[in-house]
């Protein structure tokens, strides 16, 4: 529940009382008067994490930002703040009490400043469930090949130390993995590190990683990698970054920031091409204590080669992340792909990639069930994934 503090009072009042007062004054018509309600003698104080406890966060004085989300935030993520269902019937054409409370909460949250920073206590262990599903189709000279894959794994962050600057050092490892793949009409291949007696061909290196420290990483409170030690030649776990980078200053809903990156590929003449790109982030919404961050890849270098497009399509990410500001860590994220390239190797060639990647924080002691990842259609055809509207930006 959100709380407010009156200038003339020392006690905290629940948001429900504020809504009740607003309803009495405006006669249920809050949508047109939210701006005026936020300019009364009520000051809202937002406490974010340990570093902001007891320190009021001042309003910006700016007009409420019209949020332009890079990626749609699913409606199912609107669980904060929790409110009890109203037992009274809704007036025809009027919003329910729950909707009014959410409207006021959103309006108040949009005008606050927030500090987004990692704050993981020394000695803590955080485990994440990660799932990746993908379906690929390639057509060339009358030949058609479809492939599908699905994998689930549990990754582990064990916090070794936190220094005086707030830099966090943690050990990265993978506790378990379950995989299922099928290429064309060949028999599918599956592997579960917890139960498989034999390691299928191609999974030897994966099996070798399970349960071992793969990297020791140090990040600062903004998520930037300060130090990284790993025995792997190409260390890149997760989607693009070990930890999503966060702004170092206080920010409001609608704030955008960018992180530069590069993509590499080979063109039709076998020449290596380096593309300048960036990850575009936006603080799309706040439902305390969670911040919803949308992001997408934007390629800045003009791309005229279809062959290059076919090689970078899996790096064109678009999704969102939920960051718990009180705990100081991500608790859920999702990325989706729906990419197609025509004529990447001849005029009749075609390549499509549809995929979905999601990750969520596991509860203490929670384990993934042992189950088959094969699709219901019993190991024939591709994994069906619903495409979504909108794609990452690529300059032509």
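Some values worked out for this structure:
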quantity	calculated
Pair list, Cβ under 8 Å, 6 or more apart: region 360-373 residue in contact (Cβ under 8 Å) with a residue 60 or more places away in the chain, other residue part of a loop (DSSP other than H, G, I, E, B) and surrounded by fewer than 10 Cβ atoms within 10 Å (Cβ to Cβ)	370/195
Residue within region 74-92 that is at pLDDT 95 or above, more than 30 Å from residue 353 (Cα to Cα) and touching a strand residue (DSSP E or B) at 6+ places or on another chain (Cβ under 9 Å) present	no
Number of the exception - residue 244 against (1) at pLDDT 95 or above; (2) within 30 Å of residue 176 (Cβ to Cβ); (3) touching a strand residue (DSSP E or B) at 6+ places or on another chain (Cβ under 6 Å)	(1)
Residue in region 198-208 that is over 30 Å from residue 247 (Cβ atoms) and within 26 Å of the chain's Cα centre (by Cα) present	yes
Members of region 179-195 found to be closer than 15 Å to residue 372 by Cα, loosely packed, with under 15 Cβ neighbours inside 10 Å and in contact with a strand residue (DSSP E or B) (Cβ under 8 Å, 6 or more places away or on another chain), listed by number	194
Test: residue in region 161-171 that is more than 30 Å from residue 116 (Cβ to Cβ), under 22 Å from the mean Cα position of the chain (by Cα) and in a strand (DSSP E or B)	no
Tally, over region 132-146, of residues that are surrounded by fewer than 17 Cβ atoms within 10 Å (Cβ to Cβ) and touching a strand residue (DSSP E or B) at 6+ places or on another chain (Cβ under 8 Å)	5
Checking residue 205 against (1) free of Cβ contacts under 8 Å to residues at least 40 places away in the same chain; (2) surrounded by 15 or more Cβ atoms within 10 Å (Cβ to Cβ), the condition it does not meet	(2)
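The values are calculated or read from the model by the stated rules, or taken from the named source; none is laboratory data. None of these values were measured; they are calculated from a predicted model. Note: ideal-geometry Cβ built from the backbone for every residue, glycine included; neighbour counts use all protein chains shown.
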